[in-house]
Structures are given as structure tokens and as C-alpha cells.
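Below is one structure, written out as C-alpha cells; the observations come after it.
The values are calculated or read from the model by the stated rules, or taken from the named source; none is laboratory data. Note that this is a predicted model, so its numbers are computed, not measured. Cβ placement follows ideal geometry from the backbone for every residue including glycine, while neighbour counts extend to all protein chains displayed. Surface accessibility is based on the protein's heavy atoms, side chains included, excluding ligands, DNA and RNA. Shrake-Rupley method; radii C 1.70, N 1.55, O 1.52, S 1.80 Å.
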Amino acid sequence: MLHSDAAFEKPSSDQGEFSNSFGDQFPASFEGRLLFAIAVAFSVFQIATAAHVVDLPSQIVRAVHVGFLLVLTYPLVATTARRPFAVRVLAWFLGGCGAFVAGYQWIEYADLIVRAGDPLPLDIVVGIVCLVTVFSACWIAMGPALPIISGAFLAYCLFGQYLPAPLDHRGYDLSQVVDHMAYGTEGIYGTPIYVSSSYIFLFILFGSFLEKAGMIKLFTDTALGLVGHKRGGAAKVAVISSGLMGTISGSGVANVVTTGQFTIPLMKKFGYRPAFAGGVEATASMGGQIMPPVMGAVAFIMAETLGVDYAEVVKAALIPAVLYFMSAFWMVHLEAGKRGLAGLPRNELPSAALALRQGWYLTLPLAALVWLLFSGYTPLFAGTVGLGLTAMLILGASVVLGLPGRALRVIFWVLLGIVGAAFVRYGFTVAFTSIAGLIVWNAFYAGGRKTLWACVESLGEGARTALPVGIACAIVGIIVGTMTLTGVATTFGQFVVSVGQTSLFLSLLLTMVTCLILGMGIPTIPNYIITSSIAGPALLSLGVPLLVSHMFVFYFGILADLTPPVALACFAAAPIARESGLKISLEAIKVAAAGFVVPFMAVYSPALMLQDGGVLATAIGYWPAVAYICVKAITAIGLWGAAVIGFCVLKLSIAERLLAMAAAFFLVAALPVTDEVGFALSAVFVIWLWRKVRLTAARSAVS
């Protein structure tokens, strides 16, 4: 039932081109076991507060969340990297400082509210400790880029009054800046850390439990059975399985190093170039974050920031996500045709039907999660229910193996299903009671105890996986806090608006470049938060719907992980593919063509994101506009694929590729008569290709 890995593993000194500061498992030492115990406690705390077993004010939950992040980050990084004893002692001391800050905020919670805006000297000292520990934790865990960017914003708060207009502000003293950043809900403990401490952590735990239960095998076997025998089947399996896995993992880079271990060697084995195989895996894995129904962590932050239902974000992402994966599928199909790569032999493939029959129950928590999200329940409630159902499923599956007779097993599952359904009506008490009973039942036999340990491992691994996300959310709060304290976003926004008065396209291009540059050094979440805070209001004033502008930023924040020179997802694939990360990123850009095209099309035609507005929808109606823009986007993607790969039924000449590229460009450009020109060139390309195919077939028949 469970696919349990060892929770503890000695760290490897050779981590290839892609280095993970937190390691893949907890170190096999006393420190590693202590850190594992703290990680499990972290997960238990988050579940208890989410399920309201423990009711605490939001500010305290956020403070304790950050405290756990710091307590785990310092020693885990030092221990994983095998630092000297003195360095590890310092790491534990710094982690202890983080815990002290959390304890201070908890104990002084009521008094801190009373003296908000007039902090005591001790408050300032503790606030500075908070800032120092968060900055240094981010530096050692994620590199210097994000701390330097956040530090520049913090320095702007303290010294911005000395800058020339319009960049200057009225000036703020140290106590005011520290009070704003280290207390309250504007700085470190702002919206990003709120979302991390609630939605994101729960969904990471949810993914961790599903992975442990065998969801990766279910996704991979199903994909192999469905498309493994088709032309280029190995790469199509990667697109499907990595995309599906991305919907529950929430991390594109983590997905690359998980599913990529299987898909990249499979693609290479069947003739795909190593760079192309790595590029396909990186593209599909990053696309999982934009694929509904369960998207990446940014989607929850976006819903919270904009004050809209999560379902609205999913609705906006639906068509672009389908186009993204259609593009990836089309690219691998063309590459396979160009190189004559056949599918895998059917007798070597697993049966998709058999895989679903054996593992269908693993989809039940995911289905329940989707239903709850689209029924108007909060992501916090939906995530908690999904996690509880997954735990009941894992523990119940272990129990049922020991029951004699099919009838008794069916009765057990029916009763457990009724208890699970009672979640929504009667709350978490019923669920926790049933889970407690299942735990006791499993504790009495060896197989059950193994299952219980695997569940504990999932708690620890989920907390470890959440560390880089949580640390990023904490430090990016400094940037958001700078926006609210100084109003600096208005200055940049005025610049974008002034550019947009001349050309909206240039404003969008400026926003895209900002996303890609920031993405070279920081993860998707802080990239989205920074850029949307600055550019979102500016694009809104230029007539771009707010949700569309945020999705625009979200897409390019994800694509930054595929774009050279940094291309984190591609460098994660490099040691598996045994190829240069730069070469992989160049291939990934080709495969992810739709990701670069669709956001621009959506700005000019919001119907592509199922949003009202836009000239086209006004002229021909909403649903006709949706249909038209989808046809246009699919045509542009098809032409772009043919131009980039150089194949469409037959190999294409340079002139034919240029014709396809020109047709695609005109379809994407939102200028007068460009659609007409684009469709005309598309017709010329199709007719020319049809005639070429007929002539080739005639020559083959004669010869």
C-alpha cells in the first residue's frame, strides 16, 4: 500500500549541478532525528490550528510558524552540509533565537497590540533579532539574491528620504521601521506568511501523504498505458505524469527531481536528445503549478490578495493551462516525427485500466478537495478535509488487509466512507475520532505499525518540503511592507502607466522582463508577490483586468525557472539528463512556447481567461469571443511548433518555417488587421504543405 522511503539518510557530498540546501532526507544522526521530531511537531501544530483543535489568534499562528521555520532551517542546512561542530552549535543558537522571537510574540501578544506604534526598547531589540534571523536563514538556505533584494527595500525604508524626487519619501526612524516589519500584519507576518501558515503548508502535507501512498506510480502507470505506445510515447508520458504530479506537489523544481528520475532516462532510451528530454520534463513539471484544479501555492496567495474565491482563479487559469500542455504535447509529437521515434511496445506497458482499478481510491481525497474548493469552502477547510481523508484512506487500507472475507472488507469501506462524508456536516471531531481509532487498530500488528511510521515520515517530510517556501514568504513580507509603508509602488506604477499611454505592449514587455529578471534569483512565490504588488495596479489603470494582470505576472514568474541563464528547473534536470542546464533551458523555451504567448493574448482578449471585457467580447459577444480566441491561440501554437521543430508531417525548409513563424506572429499580435493576415498566411502554409505531401506521396508511388 505505502511506498515508504527511509526518513533518515546520510547526506551525499556530490549533489550534481543542482544543490538542495535541505537535503533529500533528514541526516542519519542524533541531530537528524531531533530535527525530524521538530518537523513532525511543526506539522502537528499546523494541522491542529487549521482544524481548530487549537484556536489561536492569527498573529500568534504566524509567529509560531516562522519560529518553526527558523528552528528547522539553520540546523538542517548545517547538518546536511556536514559543517564543523562549532558551526552546528551556532546554527542551533540562531534557531533558538528564532524560537525566542516566536515565544516573545505569543507571550506579549495582547500588550504588543496595546503599544502598537509605540514600541518598548525591548520590542525593538527582539524585532531586530527577528529581522536578522529571517534574512540570514534565507541567505544560507536559498542563496543571496532574495535577501539582497529584500535588504535593498529595507534600506530604502531607512534612507530613502535622501534620494532625489520622485524616489524619496518623508523618512522613517529605526523604531518605526522595525515595528512595521517585525510586528503586526504588514511586514514579515503579512499576507504571504499567513498563506504559508495556512493553505500552503496543508497542501504540501496533502501532496506528501499522496506521494507516500503511491500517487506517483498511479500517475505514471496511467500515462504509460494511455499514450506510451503512441509516436513519441515516452515524452508524452512525461508531459502527462509530470503535469498531474505538479498539481499536488506545488513545486515545479521538486517535481523535476521526483518524476524526472523515471521520465528523463525513459525519453533518452527511446531516442530523444538529452537536452530535449530534460526540457520536456522541466516544462511539464513547471506547468503543473498552473494546471487546475489544484494549482501551485501562488494561486492561493493570489485568491487571498485579490479577495476572490479560489474557483475564480481556477477559472481564469483553465484555458491557458490546457493550451500550455497542448503546446508541450504538440512539440514532443513533432520532435518524435522528425526523428522517427516510435512508441513503446504495448506488451511492455502497464495497463491504464488496471492501474486505475488498483489505485482509483487514491483519487478520492483529490476529488473531495476539488469538490470542496468549487463548492465555496475555503482552501483552509478543503485542504484540512483532503488531508484527513488521505490519512483515513492510508490507515484504512492497512486495516482492511487484515480483515477476513470480501464482504467484511466492503462493509468496512462503506462505513469508513460514511464517516468521511460526515466531515462536512459534523466537522473535524468525527474525523479525528475515526483517525484515532484507526491508529489504535494499526498499532496492534506489524504491517499497521509500518503504515503508522510511514504516516509520521510524511509529516516530517512535508514540513521539510515547506521550509524554502515558508522562508521565502517570510522575507518577501519585507518588500510588501516597504510598499505599504512608503508607497514606492506608486512611483513604479506611474512609470509603467506613462509607458502604457504610448504602448500597452511596451508596459507588458517591461512587466515580463521584470518577472524574468527577478526569477533568475528568487522563487516563483516572492517573484509573483513583488511584481504583482508593483505592476498589478499600474496595469489595472491601463484597462487590464486585475485578475488577468496577476495571472500575467504568475505565468512569467513560473517561466523564469525555464529561462536562461539561471533556469532553476532546467538545472535540476541537468544531472539526471547528463546534459548542460543551459542547453536544457533552450529546449524548454521551445516546448513552453504557449507560456510566452498566451499571457499577452489574454491581456488583449480577456475572454481567453474566461473574463469579461475586451474589444472582441464587446463586438461579437462573450462566448463567441472565447471560441474565437481559443481557435486563434491553438492555430498560433500549432504554427509555432512547426516553425521551431522544423517538421509538420514532413521536414520543413527554412522558407516554410519562416512562413509558419510569420503566420503565428500575426495571430498573436493585437493590431488592426493582424488576425486577417495571420489566418491568410496560415491558409497559405496549410495549402502549401498539403500539396507538398501529395507530391511526395506521388513520387514515392512512382519509385
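Of note:
- No other residue among ALA397, ALA421 is surrounded by fewer than 16 Cβ atoms within 10 Å (Cβ to Cβ) and either out of contact with any helix residue (DSSP H, G or I) (no Cβ under 9 Å at 6 or more places or on another chain) or over 30 Å from LEU652 (Cβ atoms) (or both) apart from ALA421.
Results for (1) on the phi > 0 side of the Ramachandran plot; (2) at pLDDT below 90; (3) not in a helix (DSSP H, G or I), shown as yes or no for each residue.
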| site | (1), (2), (3) |
| --- | --- |
| VAL77 | no, no, no |
| ARG82 | yes, yes, yes |
| ALA141 | no, yes, no |
| ILE149 | no, yes, no |
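- Of all residues in the stretch 84-126, those being part of a helix (DSSP H, G or I) and among the charged types (D, E, K, R) number 3.
- Residues of the stretch 628-669 classified as among the polar types (S, T, N, Q) and either open to solvent by 70 Å² or more (accessible area, probe 1.4 Å) or assigned to a helix (DSSP H, G or I) (or both), total: 1
- Only one entry of GLU186, GLU211 meets the criterion of being among the charged types (D, E, K, R), closer than 19 Å to LEU467 by Cα and crowded, with 18+ Cβ neighbours inside 10 Å, and that entry is GLU211.
- Selection from the stretch 454-504 of residues that are in contact with a strand residue (DSSP E or B) (Cβ under 9 Å, 6 or more places away or on another chain) and either open to solvent by less than 20 Å² (accessible area, probe 1.4 Å) or modelled with pLDDT under 85 (or both): GLY460
- Residues that are at pLDDT 80 or above and either surrounded by fewer than 24 Cβ atoms within 10 Å (Cβ to Cβ) or among the basic types (Lys, Arg) (or both) occur at least once in the stretch 194-208.
- With respect to the stated conditions, GLY638 is closer than 23 Å to ARG231 by Cα, touching a strand residue (DSSP E or B) at 6+ places or on another chain (Cβ under 9 Å) and either touching a residue at least 40 places away in the same chain (Cβ under 8 Å) or of a type outside the set (Val, Ile, Thr) (or both).
- Conditions (1) under 21 Å from the mean Cα position of the chain (by Cα); (2) open to solvent by less than 60 Å² (accessible area, probe 1.4 Å); number of the one not met by VAL332: (1)
- Residue within the stretch 290-297 that is in contact (Cβ under 8 Å) with a residue 40 or more places away in the chain and among the β-branched types (Val, Ile, Thr) present: yes
- SER398 being closer than 21 Å to ALA299 by Cβ and either without any contact (Cβ under 8 Å) to a residue 60 or more places away in the chain or among the hydroxyl-bearing types (Ser, Thr, Tyr) (or both): no
- Filtered residues of the stretch 69-114 (kept if of a type in the set (Gly, Ala, Ser) and out of contact with any helix residue (DSSP H, G or I) (no Cβ under 8 Å at 6 or more places or on another chain)): ALA81, ALA86, ALA110
- Any pair with Cβ under 9 angstrom, 6 or more apart, that starts in the stretch 188-209 at a residue that is closer than 15 Å to ALA51 by Cα and ends at one that is surrounded by 24 or more Cβ atoms within 10 Å (Cβ to Cβ) and basic (Lys, Arg): SER197/ARG62
- The lone exception for GLY405 - which of (1) more than 32 Å from the chain's Cα centre (by Cα); (2) surrounded by 12 or more Cβ atoms within 10 Å (Cβ to Cβ); (3) at positive phi it fails: (2)
- In the stretch 670-689, the residues that are farther than 14 Å from LEU616 by Cβ, surrounded by 14 or more Cβ atoms within 10 Å (Cβ to Cβ) and among the small types (Gly, Ala, Ser): GLY678, SER682
Here's the yes/no breakdown for (1) over 30 Å from GLU304 (Cβ atoms); (2) surrounded by fewer than 14 Cβ atoms within 10 Å (Cβ to Cβ); (3) under 21 Å from the mean Cα position of the chain (by Cα):
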| residue | (1), (2), (3) |
| --- | --- |
| ALA382 | no, no, yes |
| ALA391 | no, no, no |
| ILE439 | yes, no, no |
| GLY448 | yes, no, no |
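- Residue in the stretch 192-206 that is touching a helix residue (DSSP H, G or I) at 6+ places or on another chain (Cβ under 7 Å), farther than 22 Å from ALA303 by Cβ and part of a helix (DSSP H, G or I) present: no
- Applying the condition of being touching a Leu at 6+ places or on another chain (Cβ under 6 Å) and among the polar types (S, T, N, Q) to the stretch 508-552 and asking which residue is modelled with the highest pLDDT yields SER549.
- Applying a threshold of 6 Å to beta carbon distances and a minimum spacing of six or more residues, or different chains, the list of pairs starting in the stretch 422-451 at a residue that is more than 19 Å from VAL54 (Cα to Cα) and ending at one that is not in a helix (DSSP H, G or I) reads THR451/LEU2.
- Applying the criterion of being part of a loop (DSSP other than H, G, I, E, B) and modelled with pLDDT of 85 or more to the residues of the stretch 604-614, the residue that is surrounded by the most Cβ atoms within 10 Å (Cβ to Cβ) is SER605.
- Any hit, the stretch 282-294, residues being over 16 Å from the mean Cα position of the chain (by Cα), among the β-branched types (Val, Ile, Thr) and not in a helix (DSSP H, G or I): no
- Output for the stretch 402-440, where each listed residue is among the hydroxyl-bearing types (Ser, Thr, Tyr) and either at pLDDT 85 or above or under 15 Å from LEU387 (Cβ atoms) (or both): THR433, SER434
- Verdict on PHE135 being aromatic (Phe, Trp, Tyr), touching a residue at least 60 places away in the same chain (Cβ under 8 Å) and within 27 Å of THR465 (Cα to Cα): yes
- The residue pairs whose first member lies in the stretch 29-56 and is in contact (Cβ under 8 Å) with a residue 40 or more places away in the chain and of a type in the set (Phe, Trp, Tyr), whose second member is open to solvent by 20 Å² or more (accessible area, probe 1.4 Å) and in a helix (DSSP H, G or I), and whose beta carbons are closer than 8 Å, counting only pairs six or more residues apart or on different chains, are PHE42/PHE68.
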